[in-house]
Amino acid sequence: MTISAEELLPGTRRALLHRIAVAQAEGRAPSLVAAVVRHGRTVWHGARTSVDGHGPDENTQYRIGSITKTFTAVLVLRLCEEGLLGLGDLLEKHLPGTGAGEATVADLLAHTGGLAAESPAPWWERTPGALRPELGDVLGEQPLLHPAGRRFHYSNPGYTLLGALVEELRGAAWEDVLRREVLEPLGLNRTSIRPQAPHAGGWAVHPWADVLLPEPAEHLGRMAPAGQLWSTTRDLARFAVFLTHGDDRVLSAESVREMRTPAAPAEAEDVAAGSAYGLGMQIQYRDGRLFVGHGGSLPGFLAGLSISVEDDAAAVVLANCTSGPLVSTVASDLVRIVAEAEPRIPEPWRPLKGVDPSVLELAGHWYWGTHGFALRLTADGFAVLEPLSGDGRRSRFRPNGDGTWTGLEGYYAGELLRCVRRPDGSVDHLDLGSFVFTRRPYDEGASVPGGVDPDGWRGIG
């Protein structure tokens, strides 16, 4: 039997089904649906339900709670790409008079704006949004609990402000902008503000008895940008592909990459748990693998979206219960099952297409003082600087077209790498953010700051 490169092996499919079956049974979820994405397409869908003959499929809507925040973040990053605002802009510049204007746009995206986690009573998830018609009703009399920019403190009202910011700069309702600028271009036709049949009903499961209680499904009003959306595994699978690769019709790959980059200072427990937060995306390091995405919950519903960019794989898990299965953990487990059972096959190695001799001569060994490094040129035209042994500062560098490179990650992210040449054109050293890298340790023939002892290297005695 021949199996295509995109089709999962039978053993992998059974392992995925087993994982969601355990989650639904042990988590006592009325229903649970899941999907797995690999290499840009959905390769598996599974469902478990407590009602025979009524299994939900990939087009059945569930409420996705705070995954809505990632959609709102995409809208804000679009405004940044268009130059209508900057991540460092104070909220007050674009939306004055909120009482939370000390926070920047980036602060709100990363939950470092210092705002409260929830809106004032009554409990916003179980009451009509009409009870909070104005921003002041969402924020309360004292919206700030912490200094802006100092610590991570998850805030639902913060995303209400971001939704209001979108409305202010677009001159249209948040839901209309979302539909026009994200949902329609990405073909997310089953993602909506209000439920559309077929959709699951939300349930509470008694913690000490196998009985159910229906949960209300309130429209959140002003709080909608923090958690209103309904969606399906099919649509969220497509959204996961977008969050992995970007789509120039909506948001560039570079901006999506910035969303996935940690942007909030981590608390001690976050460091211990291997978790962080980017710009509208949660980041977690589990079992040796980096996951990005978001979880969501509202009364009656749980949702999880988990992506491993390195494996080019993602999973979505949705359930219709208030508590029970840890759907975000299940989602990352589904990714891990596929990645371990069927590892990603790397692209074939290909040589560079043409190379500038003046660039090629920079490849090889370099020394920062006595620390050995290697500079390697890759087929994508980038340069990689990495330590010869042990831990150390490693980064890729993007060519700028003028003989310099810009660091892309780690300690050297954003730093400029340039080659300094002697009057005769020969290479003297590399300058990386003022650090000097020479061909030999403290090369006496190079311009080393502080000079090199003329007596050279020596032994003791």
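Computed from the coordinates by the stated procedures, all read-outs in this text should not be read as laboratory data. Here the structure is a predicted model, which means the values were calculated and not measured. All Cβ positions, glycine included, derive from the backbone under ideal geometry; neighbour counts span all protein chains shown.
Among the GluC sites (Glu not before Pro) found in the stretch 1-64, those both in a DSSP coil and sparsely packed, with 11 or fewer other Cβ atoms within 10 Å of their Cβ, are E6. Could you work out how far apart the two model spin labels at Y154 and E81 are, taking each label as a point 7 Å from the Cα in the direction of the beta carbon, and quote it in nm? Reported label-point gap for Y154 and E81 is 2.8 nm.
Sites listed here are trypsin sites (Lys or Arg not before Pro) in the stretch 363-411 whose DSSP assignment is loop and whose Cβ has at most 13 other Cβ atoms within 10 Å, and the list is empty. Sites listed here are GluC sites (Glu not before Pro) in the stretch 342-419 whose DSSP assignment is loop and whose Cβ has at most 15 other Cβ atoms within 10 Å: E361, E409. Stretched out straight at 0.36 nm per residue, the stretch from H45 to S323 would grow longer than its current Cα-Cα span by 97.8 nm.
Taking the fewest neighbouring Cβ atoms within 10 Å as the starting point, the ordered list for R234, R249, R418 is R249, R418, R234. Figure legend: label point modelled 7 angstrom from the Cα of D89 along Cα→Cβ; residues of the stretch 159-185 with amide N under 12 Å from it are 165-171. What shape does the stretch 117-201 have by the C-alpha gyration tensor, where a ≥ b ≥ c are the square roots of the eigenvalues, rounded means a/c under 1.5, and otherwise prolate means a/b greater than b/c and oblate the rest? Cα axes put the stretch 117-201 in the prolate bin. Dividing the summed helix terms, -39500 (n - 2.57) for each DSSP H run of n ≥ 4, by the number of residues in the chain produces a 222 nm estimate of -7000 deg cm²/dmol to the nearest 500. Average 1/r across all pairs of distinct alpha carbons in the stretch 357-437, invert it, and you get the Kirkwood radius: 12.8 Å. When the Kirkwood hydrodynamic radius is evaluated over all pairs of different C-alpha atoms of the stretch 1-89, what value in angstrom, to one decimal, is obtained? Hydrodynamic radius (Kirkwood, Cα only) of the stretch 1-89 equals 16.3 Å. Computing FRET efficiency as 1/(1 + (r/R0)^6) for A273 and D424, where r is the C-beta to C-beta distance and R0 is 56 Å, gives about 0.50.
Shown is the FRET efficiency for E347 and S447, computed with R0 = 30 Å from the Cβ-Cβ distance and rounded to the nearest 0.05: 0.15.
In the chain, what is the volume of the convex hull around the alpha carbon atoms, normalised per residue and reported in Å³?
Cα convex hull per residue, to the nearest whole number: 209 Å³.
Would you please give the FRET efficiency between R439 and L144, computed as 1/(1 + (r/R0)^6) with r the Cβ-Cβ distance and R0 = 45 Å, to the nearest 0.05?
The pair R439/L144 has a calculated efficiency of 0.25.
Less than 5 angstrom separates the built amide H of V309 from those of V292, all sequence-distant by 5 or more or on a different chain.
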